[in-house]
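Following: one structure in structure tokens, then a few remarks.
The values are calculated or read from the model by the stated rules, or taken from the named source; none is laboratory data. Since the model is a prediction, treat every value here as computed from it, not as a measurement. Cβ coordinates were reconstructed from backbone atoms using ideal geometry, including for glycine residues, and neighbour counts include every protein chain displayed. With ligands, DNA and RNA removed, areas are computed over all heavy atoms of the protein, side chains included. Shrake-Rupley method; radii C 1.70, N 1.55, O 1.52, S 1.80 Å.
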Amino acid sequence: MFGTLTGCSVVLAVASLIVSEIIMNSKKKHYPEGAKIKKPAPVVILLAAAGVFALPLLVTIAYKLIKLVTGDKDTFVSTMKLLAQGFGFSFGIFIFTIIFSLPLGLIVAAGKMSKIKTIAAFFKAYVSILRGTPLMLQLLLVYFGPYYLFGITTGNIQIGPFNYRFIASIIGFSLNYAAYFAEIFRGGIQSMPKGQYEAAQVLGFSKSQTYFKIILPQVVKRVLPSVGNEVITLVKDTSLAQVLAVSEMFTQASALASAQVSVMPFIVAGLFYYVMNFIIELLLGLIEKSMNYYS
Amino acid sequence: MNILEMHDIHKSYNDLEVLKGIDLTVAKGEVVAVIGPSGGGKSTLLRCATILERIDSGKIVIGGDVLCDTKDEKIHYCDKKMMGEIKSKFGLVFQNFNLFPHFSVRRNITEALIHVHKKTKLEADIICDELLLKMDLVEKADAYPCNLSGGQQQRVSIARALATSPDILFFDEPTSALDPELTKGVLTVIKDLALEEMTMVIVTHEMSFARDVADRIVFMDGGVIVEEGPAYELVTNPKQERTKAFLAGY
Ligand SMILES: Nc1ncnc2c1ncn2[C@@H]1O[C@H](COP(=O)(O)OP(=O)(O)O)[C@@H](O)[C@H]1O
Ligand SMILES: [Mg+2]
């Protein structure tokens, strides 16, 4: 029953998109650039219909959620508590990964563009391998590698409140994301017009002045949208730390879900991820806006 | 006194010889216009004089300092310190301005003064204000390049090149990227500089401007200087067939 309703709703929504594209495209030709075009009537009707079909589904979900919360308050509170703790770990992985992978990415990008062939080849291979193999596998390798490769036991490593599981996940994520960031940075740096370097050179700026005063600030603006994309992906990717049994949010949610025989923990975890990314989107928007003073 | 001396300059890109033994001397206060068909090596000549390109053989002396010289068929460039000194003796104005888009007009002009020439912010601002007045851009000090017309941008880039009070200024087609109605302001600024006896080498396609403002015109084609002479004479009475053919197009 719900399957049919959802199906209808999705089909109608997609149809409305397609119709809208077709109509808008044919209309655009007759309008001046940038003019606001009203949504045509058929699209509005299709969208409304999609909404009507989806309504029973939404109401049911909302009802079930409310019942979950009010029905057994204790379970809900303890679930929230555990998930919030898990979120702390997820957030920790996220923040540390950002702190380490952004500068590392810049180094890798510089390495890949190096004039010294062996250095360039090394970093090329680095990027190729880290982008070309599963992140989950890389995490496992960082975690188990020290023991299986070098016989180093990692079980009793502890830095402050962080055990090796947590540290290994941060190392793994940082190495992996550095590869992606490196490619973004390299693209940004190479998109800079030659004239900027030449003007700086003629004016007598040193190489490092040119890099840090002229090139990098402009590259930041150019790469921000792509970096933002990766940052948002990272928030969700932290759930992969589950394979190292780090007690981050997704690990917690899985455990709770199977203990309670309920999807509620997953839904709440999803909300956590979404709210976090919503905030990140806002921040990215603000940063982008703050750099809009030039183009 | 000569501000610029270039002797027997040779420069190739890969197998393509672009400069085939150029001799060019510019005296203090002299304005030299370089004209010629596209691909003739005019930009390359300026780029060699401004150290954006390294020559293969020949000798370049700027403001009395030897930038490079050829001994035993090998080119030798001066050391980094001397190069820094030589760089402060010339300015270059690009065809497409190459302003720093993330800097305000003021910062475009003062950045090198402060961070290369170690002037204080106050000293740099005073120099900047003077130049903006001269370029008729006083109210644009805090604007960003993207909000200026092409003509205004080019005047900012001239101010930027002038800020460090160079002995010689090079221009590579300073008005070629501008709409016709915007070239006038830029040409007027250059004309004013000529009246102040600024030493300049100007690559240009503005023939009447070259004739009126330059002391001397150099006609380049195919990597050599085909003909040179006093500006008015060369334009009105060229000796070489190639020069005649080129000028007939204007
Ligand atoms: N970086 C470069 N690499 C290879 N060839 C170049 C380069 N720059 C210029 N050239 C070639 O050198 C010749 C002279 O170019 P240029 O100095 O720009 O002439 P002009 O400024 O008189 O039009 C042209 O044939 C051009 O294609
Ligand atoms: Mg040219």
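Quick look at the numbers
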| quantity | calculated |
| --- | --- |
| Dipole of the protein assembly as shown, positive direction: furthest Cα of A:Phe123, B:Gly39, A:Gln85, with charges on the beta-carbon | A:Gln85 |
| Under 5 Å, built H, 5+ apart or other chain: amide partners of B:Asp221 | B:Val226 |
| Stretch gain in nm, segment A:Val220-A:Val44, where the contour uses 0.36 nm per residue and the Cα spacing is subtracted | 59.4 nm |
| Estimated [θ] at 222 nm from DSSP helical runs (n ≥ 4, -39500 (n - 2.57)) normalised by residues in chain A, nearest 500 | -27000 deg cm²/dmol |
| Whichever aspartates and glutamates have a C-alpha closer than 17 Å to that of A:Lys221, once near sequence neighbours (fewer than 8 apart) are set aside | A:Glu183, A:Glu230, A:Glu281, A:Glu288 |
| Estimated distance in nm for a label pair at B:Asp215 and B:Asp72, the labels positioned 7 Å out from Cα along Cα-to-Cβ | 3.9 nm |
| Förster radius 60 Å - calculated FRET efficiency between A:Ala110 and A:Ser262, Cβ distance, rounded to 0.05 | 0.75 |
| Cα-centre dipole for chain A with unit charges at Cβ (Lys and Arg positive, Asp and Glu negative), debye to 20 | 880 debye |
| Label-point gap, in nm, between A:Met136 and A:Thr118 - each point 7 angstrom along Cα→Cβ | 3.8 nm |
| Folded to 0 to 90 degrees: helix B:105-115 orientation relative to chain B principal axis, Cα | 80 degrees |
| Gaussian network model of chain B, Cα within-10 Å springs - most flexible of B:Leu133, B:Leu46, B:Leu113 | B:Leu133 |
| With all protein chains modelled, accessible area of A:Leu149 [1.4 Å, Å²] | 120 Å² |
| For chain B: relative contact order, % (alpha-carbon pairs under 8 angstrom, 6 or more apart) | 26 percent |
| Distance violations [Cα-Cα > 31 Å] among A:Lys124/B:Lys119; B:Lys80/B:Lys184; A:Lys115/B:Lys119; B:Lys87/B:Lys191 | A:Lys124/B:Lys119; B:Lys80/B:Lys184; A:Lys115/B:Lys119 |
| Farthest positive-ward along the protein assembly as shown dipole, Cα basis, beta-carbon charges - from A:Tyr148, A:Pro225, A:Ala199 | A:Tyr148 |
| GNM result for chain A, Cα springs below 10 Å: residue of A:Gln158, A:Gln190, A:Gln201 fluctuating most strongly | A:Gln201 |
| Stokes-Einstein D (µm²/s) once Rh is taken as the Kirkwood radius of the stretch A:73-290 over alpha-carbon pairs, at 10 °C in 1.306 mPa s | 82 µm²/s |
| Of the DSSP H helices in chain A, those whose Cα atoms cover at least 18 Å axially and whose Kyte score averages -0.5 or more | A:2-28, A:41-71, A:73-112, A:117-132, A:135-150, A:164-190, A:216-237, A:264-290 |
| Extent along principal axes [Cα atoms of the stretch B:1-114; Å; largest to smallest] | 46, 34, 30 |
| Principal-axis tilt of helix B:121-134 within chain B, Cα atoms, nearest 10 degrees | 70 degrees |
| Relative contact order, percent, chain A [alpha-carbon distance under 8 Å, six or more residues apart] | 21 percent |
| Chain lengthening between A:Ser26 and A:Ile159 when straightened (0.36 nm per residue, less Cα-Cα) | 41.7 nm |
| DSSP beta bridge pairing in chain B, given as percent antiparallel to the nearest 5 | 60 percent |
| Accessible area per residue, Å², the stretch B:70-168 with all protein chains present, probe 1.4 Å | 48 Å² |
| Charge dipole magnitude, Cβ of K and R +1, D and E -1 - the protein assembly as shown, Cα centre, debye nearest 20 | 2140 debye |
| Förster-model FRET efficiency, 56 Å R0, B:Ser38 and A:Val11, C-beta, rounded to 0.05 | 0.40 |
| Computed FRET value (nearest 0.05) for B:Ser12 with A:Ile95, which takes r as the C-beta separation and R₀ as 45 Å | 0.25 |
| Value of relative contact order over the stretch A:170-295, rounded to a whole percent, pairs C-alpha under 8 Å and six or more apart | 22 percent |
| Lys/Arg +1, Asp/Glu -1 at C-beta; chain A dipole; positive extreme among A:Ala255, A:Gln209, A:Val235 | A:Gln209 |
| Length released on extending from A:Glu288 to A:Ser128, taking residue separation times 0.36 nm less the Cα-Cα span | 54.6 nm |
